[in-house]
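Colleague: Can you read through this structure? Questions will come right after.
The values are calculated or read from the model by the stated rules, or taken from the named source; none is laboratory data. Computed from a prediction, not measured in an experiment: that's the story for all the values here. Here the Cβ is made from the backbone with ideal geometry for all residues, glycine too, and neighbour counts use every protein chain on show.
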Amino acid sequence: MDMDAQAWNERYATSELIWTDQPNRFVAEELAGQPAGRAVDIGAGEGRNAVWLARQGWRVLAVDFSAVALDKGRAFAERLKVGGQIEWHEADVRTFSPEPGSYELALLSYLHLAPDALAGVFQRAARALAPGGVLLAVGHDRANLEHGVGGPQEPEILYSPGALRDVLTACGLSVPRAETRERPTPEGVALDTFVLAFAPPEADGVSAEG
Ligand SMILES: C[S@@+](CC[C@H](N)C(=O)[O-])C[C@H]1O[C@@H](n2cnc3c(N)ncnc32)[C@H](O)[C@@H]1O
């Protein structure tokens, strides 16, 4: 059911960026002005969010299984002079584990996989967060099928705020926001699931040495 790396490489094989050079609007709205740290962008594609984060001062690990997308991201980052802040890593996120406890931000932007695979990705993303770190996920909402435009049409790979809240709560994160949001596009209004979740803060009085 999931598209493989070769299919994504073929989709990316054009000289233009197939998405855009602008970050996702919800990512930018949420993170503009926040203190920068280490971020992992899971399913980073051509790096529109990774490059934006780097320009805000973040150091980013951008992971995708499409070598073509990563090459385009690398060139894009070089053009904007933030190449040194982004590591481009070719890996299948269905098995890739970012270093646990290491990131102030885990970002998933329109990564659509079979539900079991996606749950595993979220579990590893949650584990990768440093204390107090934030997980931001945005994806096409199931309600988009009937009430929105664009996006994948297979209901089983679409997001829903309730299901995502349950997955992330089970990972030990607090989930203050899980909602369906409208995203205007030239074709009409698209409906996205937007979720913000936080790792527990470091316990008071506990030093790094325990
Ligand atoms: C719709 S694009 C979104 C790209 C980027 N996050 C953005 O918002 O522009 C989905 C991306 O997920 C990547 N992807 C899909 N399945 C993957 C997998 N199993 N492992 C790694 N990357 C994957 C694709 O190569 C593609 O770049």
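Colleague: Please determine whether any residue of segment 140-151 is in contact with a Pro (Cβ under 7 Å, 6 or more places away or on another chain), among the basic types (Lys, Arg) and away from the ligand (no atom under 13 Å from the Cβ).
Modeller: Yes, the conditions are met somewhere in segment 140-151.
Colleague: Find all pairs meeting these conditions: Cβ atoms under 7 angstrom apart; at least six residues apart or on different chains; first residue within segment 91-115 and within 15 Å of residue 171 (Cα to Cα); second residue near the ligand (Cβ under 8 Å from one of its atoms) and part of a strand (DSSP E or B).
Modeller: Pairs that qualify, where the first residue is within 15 Å of residue 171 (Cα to Cα) and the partner is near the ligand (Cβ under 8 Å from one of its atoms) and part of a strand (DSSP E or B), are 106/42.
Colleague: I've got another one for you. For segment 143-157, give me each residue that is surrounded by fewer than 22 Cβ atoms within 10 Å (Cβ to Cβ), over 21 Å from residue 48 (Cα atoms) and not acidic (Asp, Glu).
Modeller: 143, 145, 147, 148, 149, 153, 155, 157
Colleague: Now for a separate question. Do we find a residue being surrounded by fewer than 16 Cβ atoms within 10 Å (Cβ to Cβ), over 30 Å from residue 189 (Cα atoms), out of contact with any Gly (no Cβ under 7 Å at 6 or more places or on another chain) and modelled with pLDDT of 95 or more anywhere in segment 63-73?
Modeller: Yes; the residues of segment 63-73 include at least one that is surrounded by fewer than 16 Cβ atoms within 10 Å (Cβ to Cβ), over 30 Å from residue 189 (Cα atoms), out of contact with any Gly (no Cβ under 7 Å at 6 or more places or on another chain) and modelled with pLDDT of 95 or more.
Colleague: Another question, then. So, restricting to strands (runs of 3 or more DSSP E) that lie completely within segment 1-99, which ones have at least 1 residues that are more than 10 Å from the ligand (Cβ to nearest atom) and more than 16 Å from residue 136 (Cβ to Cβ)?
Modeller: Qualifying strands (runs of 3 or more DSSP E): 59-64, 86-90.
Colleague: On to the next question. What do you reckon, is residue 119 under 27 Å from residue 9 (Cβ atoms) and part of a strand (DSSP E or B)?
Modeller: No, not satisfied.
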